[in-house]
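To keep things clear, I will list the structure first and then write my remarks on it.
The values are calculated or read from the model by the stated rules, or taken from the named source; none is laboratory data. Everything numeric in this text was worked out from a predicted model, so none of it was measured. Note: ideal-geometry Cβ built from the backbone for every residue, glycine included; neighbour counts use all protein chains shown.
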């Protein structure tokens, strides 16, 4: 039997996702519905925005675990700012989120670049710093009375189906914009290629004349910007700002992006892969709920799915599979 | 290391004790160590403590550690012992860790009262404003009534490892099985109710998997909020009922929109008052006995063996009560 | 050879680091399209000179740099690049995850302001550049899938895309095979034909003389002189670089009376070597030469127990050996100094002392299985003095040593096991010419003390002047045997390179 096996991590991951989608489509009558598809989009929007931001940092050879907490900080900063200027609107809110987010990312970038501290150490420190400051100044108090523009759900497309209303909401649009923007940045713009170069071979990039300081600000700033927007979207979806709502999310997103083929250490990774990584995690959760699997088994199954996916898409797993197919060919 | 709030609380206590004109030198003194300072729940408890202390002529204050760390609580209790208070109240983060230091307090004749810690050793009394059975059953009954006694429902807990939430859930399920055989649980409980996002996503999935789902019973403060948002999004307000304990301020809007039907909680302000009332009684040497009526607790039946006083002083969360509760900052 | 018009002239270039003068009033001249070699031992000032030309270092005041008639006191990396100075670094500075095309044409991604990436133009440019050099590579392949030699081509193409007028190559053949080296020499000639000057830095004197038109010799920061390579010999060049006269004399002796230590009979291993038979006697140095790929290193691997032969026999002191691992080989008394010292022979980041002691950890263990610090330091000091290794402290990392001293550390490490047979695979790779003689002195001393030595090398003079007998390997077989006392070196070279 001749099988055309995929060559890339993304290819393998796509195979796993497709297999899972097929399986769920066959075993439930609710998976392949427009409402479910739109729900998946709506509920992964925030994570996808985080993921494409983190992807850029990973490609540039860094890592950041402070972004989810930074998003919470941005939520508060935006909320306080718009309330102090008398309400604001979406344009103001998103602009503020982008600016504050970029600013927090720039703090990481300058610590990493100018003080030559490795990124994981810096971002563990800023993770604690951001969260500590947030708890200190908010005293842990949530904000429930956000301005109306922020709370009112914006449905951009809706259709009534037998299984209920299917809607596309604002976070999905922001997600699509950020996905396209990130793709343009890293694939289509020269500065994006310089980011890859820096992550791939920092010394080589320096010698050929890549501006490493600029690249650091670009990468961490971009993640900060994405985190800021994701934060505002999360607050929009949850209709409240809670200081610890996003803490812990960073590891889920990191796992998804690495699953999608981004290499810790830099130089490799794609938007498509990051999307697949998030999709795999989201679809697993969705499928477990739809299948009516006991929640006590959720973590076990989710862990197993991730392991299978990562084994298949890593070189080791691939050669293992190649070996197996060789055995069967000989037999 | 002493934490700042502890120091401040101590300094404040000394200042109040030393210079407070109204406080007689022999006014009984009590410190209540709570899980964590600065959050609305314990802010309300502090109000209760202060009000009741003033009423009874006691000097009582609250100590709130900066984080929910058992070690910080131990330190705070040690400080209170050193100050020579007459009574110590604790809402423990970890019952076991506190045992030695509470034993030390009692050796020195200090009265020790805990709250929300039914297995606590070395206490004069532990009191609960809600029994796990009573709390679970009250929610179950309300859900059954709203759903007309039949249909499918889903169950959330904060996480699959929170003992209290699971005890409530067990009680609710057992109650519904017995009283309302027409009520059907769609799956095992979901451990999502500590996150609005997870509660919401899970609710969306469950409503899809079970189009005839009639209700969510969510134990865990974010559960009703997340499930409520999902119900609103799916435009099933009034078709799918959402019940459970939640922060009134957070759920206020959803209750008024009719998305969250209601639930029960106990009042932390009330708990604060009970701390002081019981301390006052113990310091005066009054014994708490079966059938006695204690302000804030009602008629009690203390369990001499486990040193527990458990009552069901539930506060209803509904359209009528939520605004007042929210106004208290809860 | 193209016009004699100078493209770069440096005069009065000096550089002081701290108190020491790395360069003293050095002059350097390069003509358009010339292939020029800078020769010198480590510390002679070669790399300082290159870094001044590429703008990494600023020379002391008084220096004059004239580039195509334009005068500079010093250069910066940016101006050097703009003038057309490109360096092919030893580590190549390429991007392994990117495609060949993007690596070659990466210069196009370096606009000051963000622009759209033009993949098509990049591909076209990469294709065109490869064609200029007469190479074909899959443009869409990621660089990491290429061999070192192919990557070097990519690096050279990248220099061409940047419109290089002068290309510096730093030890470009260090990790190439013979065939690849020959191919690289072709590329260098093509560059020269296209009027691009190539400055070559290499330890391999044969290469230097073969490829370059002129050679600038540096010694201790001074310029010894510029010489046309046409009239230069390896011996003369070595003397210029070291300042010492080296006596090349055949030292081979007839050892046929001594007892046989290692005997190999009919040894074969599929696709590696076939029917190999020889013996080494007590105190004898047996040289094996031949082109790369002749099966020499593979044979050595088997003798050291790393691979097992398909057929044939190995006998040590008359007893048959069936080695299943290198551990068994060490126990039997066989030591192996590998060709790839950097990767296999030494743990570069660890202390010199630890590297020497690593093979004899067992012996240093006392009761309670703890390492005896005192015994270890005695052993280490002993070897440092016996092999005259130049070290500051035995605790310094191996990477701080020069190539020659690193090779001595490897030797010390293996000699500490007190072997009967010592296998040396290309013992002078990466070792300064001046330091080579010292290594061979040690090797001959070991032989005198009764050790049997198998020396593998593709530098024929090395074996000719140091071995007692020479075997010639080709295609996995032994095709010739020479005794240096009876044969002429030119005949052997002719036979090997045929």
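Can you tell me how many residues within region B:247-263 are facing another protein chain (nearest Cβ under 10 Å) and part of a loop (DSSP other than H, G, I, E, B)?
So the count comes out to 1.
If you go through region B:287-314, how many residues are farther than 20 Å from residue B:270 by Cβ and free of Cβ contacts under 8 Å to residues at least 60 places away in the same chain? Give the derivation first.
Step one: filter region B:287-314 for residues farther than 20 Å from residue B:270 by Cβ, giving B:287, B:289-291, B:303-307.
Next cut, free of Cβ contacts under 8 Å to residues at least 60 places away in the same chain only: B:287, B:289-291, B:303-305.
Number satisfying all stated conditions: 7.
Could you tell me which of the residues A:118, A:124 is more than 23 Å from residue A:186 (Cβ to Cβ), more than 14 Å from chain B (Cβ to nearest Cβ) and surrounded by fewer than 23 Cβ atoms within 10 Å (Cβ to Cβ)? Can you show your working first?
Values: A:118 fails: more than 23 Å from residue A:186 (Cβ to Cβ).
The unique qualifying residue is A:124.
Mind telling me which of the residues B:84, B:109, B:148 ends up being on the phi > 0 side of the Ramachandran plot, surrounded by fewer than 19 Cβ atoms within 10 Å (Cβ to Cβ) and not assigned by TED's automatic domain parsing to the domain that holds residue B:42? Spell out how you get there, then give the answer.
On the way: B:84 fails: not assigned by TED's automatic domain parsing to the domain that holds residue B:42; B:109 fails: not assigned by TED's automatic domain parsing to the domain that holds residue B:42.
B:148 is the lone residue from the list that is on the phi > 0 side of the Ramachandran plot, surrounded by fewer than 19 Cβ atoms within 10 Å (Cβ to Cβ) and not assigned by TED's automatic domain parsing to the domain that holds residue B:42.
Only one of (1) modelled with pLDDT under 80; (2) surrounded by fewer than 20 Cβ atoms within 10 Å (Cβ to Cβ) fails for residue B:9. Which number is that?
(2)
Is it true that residue A:71 is in contact with a strand residue (DSSP E or B) (Cβ under 9 Å, 6 or more places away or on another chain), closer than 24 Å to residue A:151 by Cα and crowded, with 17+ Cβ neighbours inside 10 Å?
no
If the requirement is being assigned to a helix (DSSP H, G or I) and in the same structural domain as residue C:214 (by TED's automatic domain parsing), which of these qualifies: C:130, C:94, C:139, C:176?
So the residue among C:130, C:94, C:139, C:176 that is assigned to a helix (DSSP H, G or I) and in the same structural domain as residue C:214 (by TED's automatic domain parsing) is C:130.
List pairs: first residue in region C:298-321 and farther than 19 Å from residue C:473 by Cβ and outside the structural domain of residue C:267 (by TED's automatic domain parsing), second residue modelled with pLDDT of 90 or more and surrounded by fewer than 14 Cβ atoms within 10 Å (Cβ to Cβ) anywhere in the structure, Cβ distance under 9 angstrom, at least six positions apart or on different chains.
Close Cβ pairs satisfying both conditions: none exist.
Answer yes or no: is there a residue in region C:291-308 that is surrounded by 17 or more Cβ atoms within 10 Å (Cβ to Cβ), part of a strand (DSSP E or B) and at pLDDT 90 or above.
no
Output yes when any residue across region A:291-308 is surrounded by fewer than 21 Cβ atoms within 10 Å (Cβ to Cβ), assigned to a helix (DSSP H, G or I), within 16 Å of the chain's Cα centre (by Cα) and at pLDDT 85 or above, and no when none is.
no
Quick one: is residue B:316 surrounded by 23 or more Cβ atoms within 10 Å (Cβ to Cβ), farther than 22 Å from residue B:91 by Cβ, away from chain A (no Cβ under 14 Å) and within 23 Å of the chain's Cα centre (by Cα)?
On the way: surrounded by 23 or more Cβ atoms within 10 Å (Cβ to Cβ): no; farther than 22 Å from residue B:91 by Cβ: yes; away from chain A (no Cβ under 14 Å): yes; within 23 Å of the chain's Cα centre (by Cα): yes.
Answer is no for this residue.
With respect to the numbered conditions (1) outside any helix (DSSP H, G or I); (2) closer than 25 Å to residue A:260 by Cα; (3) within 14 Å of chain B (Cβ to nearest Cβ), which one is the sole condition not fulfilled by residue A:7?
(3)
For region C:171-180, check the following and say yes or no: at least one residue is over 22 Å from residue C:32 (Cβ atoms), buried (at least 21 other Cβ atoms within 10 Å of the Cβ) and within 23 Å of the chain's Cα centre (by Cα).
yes
Go through region C:6-61 residue by residue and tally those that are closer than 21 Å to residue C:213 by Cα and assigned to a strand (DSSP E or B).
17
Out of everything in region C:57-97 that is on the phi > 0 side of the Ramachandran plot and under 33 Å from the mean Cα position of the chain (by Cα), what residue ends up being farthest from the other protein chains (Cβ to nearest Cβ)?
C:84
Is at least one residue of region A:20-37 within 14 Å of chain B (Cβ to nearest Cβ) and under 17 Å from the mean Cα position of the chain (by Cα)?
Looking through region A:20-37, none of the residues is within 14 Å of chain B (Cβ to nearest Cβ) and under 17 Å from the mean Cα position of the chain (by Cα).
So, of the residues in region B:151-204 that are more than 9 Å from chain A (Cβ to nearest Cβ), part of a helix (DSSP H, G or I) and surrounded by 24 or more Cβ atoms within 10 Å (Cβ to Cβ), which turns out to be modelled with the lowest pLDDT?
B:165
May I ask you to verify whether residue B:276 is more than 8 Å from every other protein chain (Cβ to nearest Cβ) and part of a helix (DSSP H, G or I)?
Taking the combined requirement at face value, the residue satisfies it.
Which one is nearest to the other protein chains (Cβ to nearest Cβ) among residues in region B:223-246 that are in contact (Cβ under 8 Å) with a residue 60 or more places away in the chain and not in a helix (DSSP H, G or I)?
B:246
Checking residue C:255 against (1) outside the structural domain of residue C:420 (by TED's automatic domain parsing); (2) surrounded by 21 or more Cβ atoms within 10 Å (Cβ to Cβ), which single condition isn't satisfied?
It fails just one condition, (2).
Looking only at region A:219-274, which residues are within 14 Å of chain C (Cβ to nearest Cβ) and either on the phi > 0 side of the Ramachandran plot or part of a loop (DSSP other than H, G, I, E, B) (or both)?
Of everything in region A:219-274, those that are within 14 Å of chain C (Cβ to nearest Cβ) and either on the phi > 0 side of the Ramachandran plot or part of a loop (DSSP other than H, G, I, E, B) (or both) turn out to be A:261, A:262, A:263, A:264, A:265, A:266, A:267, A:268, A:269, A:270.
Would you list the helices (runs of 4 or more DSSP H) that sit entirely within region A:128-213 and hold 3 or more residues that are touching a helix residue (DSSP H, G or I) at 6+ places or on another chain (Cβ under 7 Å), within 9 Å of chain C (Cβ to nearest Cβ) and surrounded by 15 or more Cβ atoms within 10 Å (Cβ to Cβ)?
Answer list for region A:128-213: A:190-200, A:202-208.
When you check residue B:215 against the structure, is it crowded, with 24+ Cβ neighbours inside 10 Å, more than 14 Å from chain A (Cβ to nearest Cβ) and closer than 19 Å to residue B:201 by Cβ, yes or no? Talk me through it step by step, then tell me what you get.
Details: crowded, with 24+ Cβ neighbours inside 10 Å: yes; more than 14 Å from chain A (Cβ to nearest Cβ): yes; closer than 19 Å to residue B:201 by Cβ: yes.
In short, yes.
Every residue, every condition in (1) out of contact with any strand residue (DSSP E or B) (no Cβ under 7 Å at 6 or more places or on another chain); (2) surrounded by fewer than 22 Cβ atoms within 10 Å (Cβ to Cβ), yes or no:
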position: C:389; (1), (2): yes, yes
position: C:392; (1), (2): yes, yes
position: C:398; (1), (2): yes, no
position: C:419; (1), (2): no, yes
position: C:429; (1), (2): yes, yes
position: C:438; (1), (2): yes, yes
position: C:441; (1), (2): yes, yes
position: C:445; (1), (2): yes, yes
position: C:452; (1), (2): no, no
